[in-house]
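Shown next, in structure tokens, is the structure this report addresses.
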Amino acid sequence: MGVLPGHVATIAELKPGVLSVHEGNDVTKYFISSGFAFVHANSYADIIAVEAVPLDQIDASLVQKGLAEFTQKLSSASTDLRKLKPKSG
């Protein structure tokens with residue numbers, strides 16, 4: 001989803017992913033876990049995110065390690081209940 005001049009006012013749910021914020025010629029990218037975007041009639045947007053982390057602060061090797069650990073735990077879970085209750089480290 002992009003917001004350009006003349007954008008219609010909108011409320012949108014944001015799914016996990018990368019959010020790019022453009023201010024003039026500067027672009028800052030964040031990983032967001034979820035949230036909402038409120039686009040106003042003046043083409044400005046308010047973003048409400050559960051979690052937002054600048055991409056340059058995320059250690060890709062730690063993310064890959066965590067994903068591998070949780071994938072292994074999920075595949076070895078013996079019951080559906082254990083699969084529904086992941087524990088974060």
In the chain, lysine pairs with alpha-carbon atoms under 27 angstrom apart (chain gap of 8 or more, or interchain): 14
Within a Gaussian network of the chain (alpha carbon springs, distance under 10 Å), most fluctuating of 66, 24, 35: 24
Once region 1-55 is represented by equal point scatterers at the alpha-carbon sites, with solvent omitted, what log10 I(q)/I(0) does the Debye formula produce at q = 0.24, 0.25, 0.29 Å⁻¹? -0.99, -1.05, -1.22
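Can you tally the net charge around residue 62? Count Lys and Arg as +1, Asp and Glu as -1, for every other residue whose Cβ sits under 15 Å from the Cβ of residue 62.
On the way: positive: 65; negative: 56, 59, 69.
The answer is -2.
Read the figures in this text as sums done on the coordinates, not as results from a lab. None of the values given here were measured: they were computed from a predicted structure. Cβ: placed from backbone, ideal geometry, glycine included. Neighbour counts: every protein chain shown.
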